[in-house]
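Contents: one structure, followed by commentary.
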Amino acid sequence: MKVLFLSQIVPYPPHGGVLQRGFNIVREVANRHELHLLAFVHRDILKTPEEVEHSRRVLGSFCESVEYFDLWPKRSQLDKLLAIGAGLALPEPFSVIAHRSPAFGRRIRDIVQERGIDVIHYDTIALARFMGSAPGLPSVLTHHNIESQLMDRRAAVERWPASAYLSMQTRKLLAYEASMSPRFDVNVMMSDVDASALRKIAPGVETAVVPNGVDVDYFVPGNEPEEPAMIYTGGMNMFANRDAVMHFVDHIWPLVKAARPDARFDIVGQDPQPELLERARADSGLRVHGYLDDVRPLVRKAAVYVVPIRVGGGTRLKVLDALAQGKAIVSTAVGCEGIQVTHDKDILIEDDPQAFARLVVSLLNDPERRRSLGDRGRDLAVSRYAWGPIGGRLITAYEDAIRRHQGRSERAA
């Protein structure tokens, strides 16, 4: 099978979120079939020409071809402002406008003609705009989240005027999802929850669940003693992570610290905001580490992995990583949404800040309960979320898309 994989971001380095999923999914498919990758470069992730070329070499070691394109709103602050303004004036969602690229569209047409592509994978709804570049081929669209739902949740916690802009984007995304999703032969979802939500937006749409996964050989439990610490990992360039950390620092951390003055909260992720750094300077228990190449040593030391996320969609790979490392986890319902965890078996789930703090303190005080939750979490990660079988499920979705497309063509004839 020959696959053309269109990505909204270069899937490298594989550290968290869409980068981690993209890298592993692309590798799994490319190891079994011929895969050609077209991706947009985010200069805030790959910041130097050397980093860009290194990513090209790594991805090229298993992809048949790798080509990159500029994401125009990230070229300058002026371009970003122009894109935001276009998001106000035009009927398309901001994310769709941000991925306008005639060169990207032309290259799709060229590769389809040159390589005899069997199926095209569009790795986010914002890339659905390029469907017209190859209208006669089987198509698969990935929904990492229900984007309209994600935007709506963010609008609910932002202040005006951002809340008004995001509410408008929610409406545009909802209309775009309803219009574009049924055009694809298969829509790949992160969970049954997301699949159900998309079918409500676009009744009759074809879906296949290909969940997020974890490298269970890379993320493994440690043997060193745990410290009275909590940890959160996630880039602070993402609103959901910034909001989660500040929510914890403002509403949960003071309650934990009152019960356990020796406790520590480790915060890992690129671009920590000035407000967080200021809070850490005034509180020795808050440790802001910024970006780390390898989060595993710090996670192994922490007694509790916290996921106080209030905004988001899809499934959080950070939760799967923590499960694979055998950590005791306390999460909000949104934080572990779409992952087949069970409260008080392999995770603790709580939305109320005071109750969340009590659960964290109880785990800090109970090593045996931490061990029990962690062991069961590791078992769940290994049995359900290893990348190998997940890659196989995506390939099955490709095969289904090809069959459905052929069926549509035969009926049309």
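Quick look at the values:
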{"item": "Output for region 1-54, where each listed residue is within 16 Å of ILE120 (Cα to Cα) and among the hydroxyl-bearing types (Ser, Thr, Tyr)", "result": "SER7"}
{"item": "Any hit, region 153-161, residues being touching a Ser or Thr at 6+ places or on another chain (Cβ under 7 Å) and among the small types (Gly, Ala, Ser)", "result": "yes"}
{"item": "Some residue of region 239-251 being buried (at least 18 other Cβ atoms within 10 Å of the Cβ) and part of a loop (DSSP other than H, G, I, E, B)", "result": "no"}
{"item": "One residue from ASP293, ASP346, ASP351, ASP283 being crowded, with 22+ Cβ neighbours inside 10 Å and acidic (Asp, Glu)", "result": "ASP346"}
{"item": "Qualifying residue in region 296-303 (condition: touching a residue at least 60 places away in the same chain (Cβ under 8 Å), out of contact with any Leu (no Cβ under 9 Å at 6 or more places or on another chain), closer than 18 Å to LEU348 by Cβ and part of a helix (DSSP H, G or I))", "result": "yes"}
{"item": "Count - residues of region 70-99 that are within 22 Å of the chain's Cα centre (by Cα) and surrounded by 18 or more Cβ atoms within 10 Å (Cβ to Cβ)", "result": "9"}
{"item": "Out of ARG404, ARG408, ARG376, ARG369, sole residue that is without any contact (Cβ under 8 Å) to a residue 40 or more places away in the chain and part of a helix (DSSP H, G or I)", "result": "ARG376"}
{"item": "Residue in region 147-166 that is in contact with a strand residue (DSSP E or B) (Cβ under 7 Å, 6 or more places away or on another chain), surrounded by fewer than 20 Cβ atoms within 10 Å (Cβ to Cβ) and not in a helix (DSSP H, G or I) present", "result": "no"}
{"item": "Neighbours by Cβ (under 9 Å, 6+ apart or cross-chain): first from region 313-333, assigned to a helix (DSSP H, G or I); second of a type in the set (S, T, N, Q) and modelled with pLDDT of 95 or more", "result": "VAL319/SER331"}
{"item": "Options ILE97, ILE108: the member that is in contact with a strand residue (DSSP E or B) (Cβ under 9 Å, 6 or more places away or on another chain) and within 25 Å of SER179 (Cα to Cα)", "result": "ILE108"}
{"item": "Failed criterion for ASP192 (all others in (1) modelled with pLDDT of 95 or more; (2) in the same structural domain as ARG27 (by TED's automatic domain parsing) hold)", "result": "(1)"}
{"item": "Per-region count, region 106-120, residues surrounded by fewer than 16 Cβ atoms within 10 Å (Cβ to Cβ) and in contact (Cβ under 8 Å) with a residue 12 or more places away in the chain", "result": "4"}
{"item": "Residue count, region 112-128 (criterion: within 11 Å of VAL3 (Cβ to Cβ) and within 28 Å of the chain's Cα centre (by Cα))", "result": "5"}
{"item": "In region 14-42, the residues that are assigned to a loop (DSSP other than H, G, I, E, B) and farther than 15 Å from VAL214 by Cα", "result": "ASN31, ARG32, HIS33, HIS42"}
{"item": "Test: residue in region 163-178 that is more than 13 Å from ARG199 (Cα to Cα) and either touching a Lys or Arg at 6+ places or on another chain (Cβ under 8 Å) or in the same structural domain as PHE239 (by TED's automatic domain parsing) (or both)", "result": "yes"}
{"item": "Criterion: assigned by TED's automatic domain parsing to the domain that holds ARG242, of a type in the set (A, V, I, L, M), surrounded by 24 or more Cβ atoms within 10 Å (Cβ to Cβ) and farther than 17 Å from MET238 by Cβ - qualifying residue of VAL330, VAL319, VAL306, VAL341", "result": "VAL330"}
{"item": "Among the candidates GLY222, GLY234, GLY204, residue that is crowded, with 18+ Cβ neighbours inside 10 Å and either in contact (Cβ under 8 Å) with a residue 12 or more places away in the chain or farther than 16 Å from LEU141 by Cβ (or both)", "result": "GLY234"}
{"item": "Residues of region 85-98 satisfying the condition of being free of Cβ contacts under 8 Å to residues at least 60 places away in the same chain, more than 21 Å from SER7 (Cβ to Cβ) and among the aliphatic types (A, V, I, L, M)", "result": "ALA86, ALA89, LEU90"}
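The values are calculated or read from the model by the stated rules, or taken from the named source; none is laboratory data. Keep in mind it's a predicted model, so treat the numbers as computed, not measured. Positions of Cβ are generated from backbone atoms using ideal geometry, with glycine treated the same way; all protein chains shown enter the neighbour counts.
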